[in-house]
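Have a look at the structure below, then the notes.
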Amino acid sequence: MCGIDAVTVGTTGMWGHVPELEDVARYLGGRFGALRLRVADDALTAMLGALGSREGVVLAAGTGVVGLGRGPLGVHRVDGVGSMIGDQGSGWWIGRKGIIAALSAVDRRPGGSTALLVLLEKKFASVRDIPRRIAEAEDPVRIVAEFATSVAVAAREGDPVASAIWHRAGQYLADDVIAAAAGSGLDDPEWCIVGQIGQARDLLMESVVARIREAHPGGQEVEPGGDPLAGTVLLDALPTCEDLAPLVRETHEVAR
């Protein structure tokens, strides 16, 4: 059996507060001889990967969305609470808005998009069967979020409804950056957006940048220096993480 001195993890589902880890620590100590365990909210490892030890704001936008600011007031987490009560501007939100617009075209409701309807019919054999398929899916949020790719296609082909969805998503993401900066005490912060949705710069960034500049004229978008895995490595190397609580919890001297 190989020995492991330390285990450091960044994971989803923490909701900004890492639970007690004594049982996990005892298992790792007994199984591998681990002396230290650190478990962090994945927003923290995303921020450390992107900015390292610098102050600033990182927004991770994929199926869901979570933002984290680090500044004079400490760390401040924004959203990341799941699709039922949050994640506005995320892939799930974009996909859901796109599906609603497509189904509105079927029903002849306002806000419908025939372009999105065509793409929805291409993705699903029967549009009328979509509610059942989503309701019965093991991971309905993922299925809905996948349609964000089609909403991007429609927007790039000039569909005004799809373009408006992406524009509004950008405003939501900008609001998260602004909130994270305010909560962590940052004026004119460095900031970046990472994740799959953040890669759609042609559809998002005009509305994102315009909204952030209104609140922080001197704020600066920066390139992320690394990914969440790099952030996990940096977190492991920190001599202490007390200033990052409750986003990270650690145990020392794990019993073997």
Where nothing but the Cβ of Lys and Arg (+1) and of Asp and Glu (-1) is charged, how large is the charge dipole of the chain around its Cα centre, in debye to the nearest 20?
820
Rounded, prolate or oblate: which fits the stretch 84-125, taking a ≥ b ≥ c as square roots of the Cα gyration tensor eigenvalues, rounded meaning a/c under 1.5, else prolate when a/b beats b/c?
oblate
Using protein chains only and a probe of 1.4 angstrom, how many square angstrom of residue 132 are accessible, to the nearest 10?
110
Net charge of neighbours whose Cβ lies under 14 Å from the Cβ of residue 211, counting Lys and Arg as +1 and Asp and Glu as -1:
-3
Karplus-derived HN-Hα couplings along the stretch 213-230 (A = 6.51, B = -1.76, C = 1.60, θ = phi - 60°), whole Hz, x at Gly and Pro:
5, 4, 8, 9, x, x, x, 9, 6, 10, 7, x, x, x, 9, x, 5, 4
Per residue, how many Å² of accessible area does the stretch 100-186 show with a 1.4 Å probe?
51
Sorting 136, 223 on solvent-accessible surface, 1.4 Å probe, most exposed first, gives 223, 136
Quick one: divide the alpha-carbon radius of gyration of the stretch 125-165 by 2.2 N^0.38 Å and tell me what you get.
1.34
Across bins of 5 angstrom width beginning at 0, how are the C-alpha pair distances of the stretch 51-132 distributed, in whole percent?
3, 14, 17, 14, 14, 12, 8, 6, 7, 5, 1
From the Cα centre of the stretch 200-237 to that of the stretch 148-162, the distance in Å is 24
What value in Å³ per residue do you get for the convex hull of the alpha-carbon atoms in the stretch 186-256?
139
Within the chain, percent of DSSP bridges classed antiparallel, to nearest 5:
60
In whole angstrom, and with the biggest value first, how far do the Cα coordinates of the stretch 160-206 range along each principal axis?
37, 16, 14
On average, how much area does the Cα convex hull of the stretch 1-96 cover when viewed from any direction, in nm²?
8.0
Could you go through the stretch 47-63 in sequence order and give the Karplus-derived ³J(HN,Hα) for each residue, using 6.51 cos²θ - 1.76 cosθ + 1.60 with θ = phi - 60°, rounded to whole Hz, and x for Gly and Pro?
5, 5, x, 7, 10, x, 8, 6, 6, x, 10, 10, 10, 9, 10, x, 4
Summarise the long-distance tail of P(r) for the stretch 128-256 by giving the % of C-alpha pairs beyond 24 Å.
51
In debye, nearest 20, what is the charge dipole magnitude of the stretch 1-139 about its Cα centre with +1 on Lys and Arg Cβ and -1 on Asp and Glu Cβ, if you could check?
440
Just the projected area, averaged over all directions, of the convex hull on the alpha carbon atoms of the chain: how many nm²?
15.7
Enumerate the amide H contacts of residue 185 below 5 Å, restricted to partners 5 or more residues apart or on another chain; note that Pro and chain-start residues carry no placed amide H.
73
Taking max minus min of the Cα coordinates of the stretch 73-195 on each principal axis, largest first, gives extents in Å of 52, 33, 23
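The values are calculated or read from the model by the stated rules, or taken from the named source; none is laboratory data. This is a predicted model, so every value here is computed, not measured. As a convention, Cβ positions derive from the backbone with ideal geometry for all residues, glycine included, and neighbour counts pool all protein chains shown. All accessible areas refer to the heavy atoms of the entire protein, side chains included, with ligands and DNA or RNA removed. Shrake-Rupley method; radii C 1.70, N 1.55, O 1.52, S 1.80 Å.
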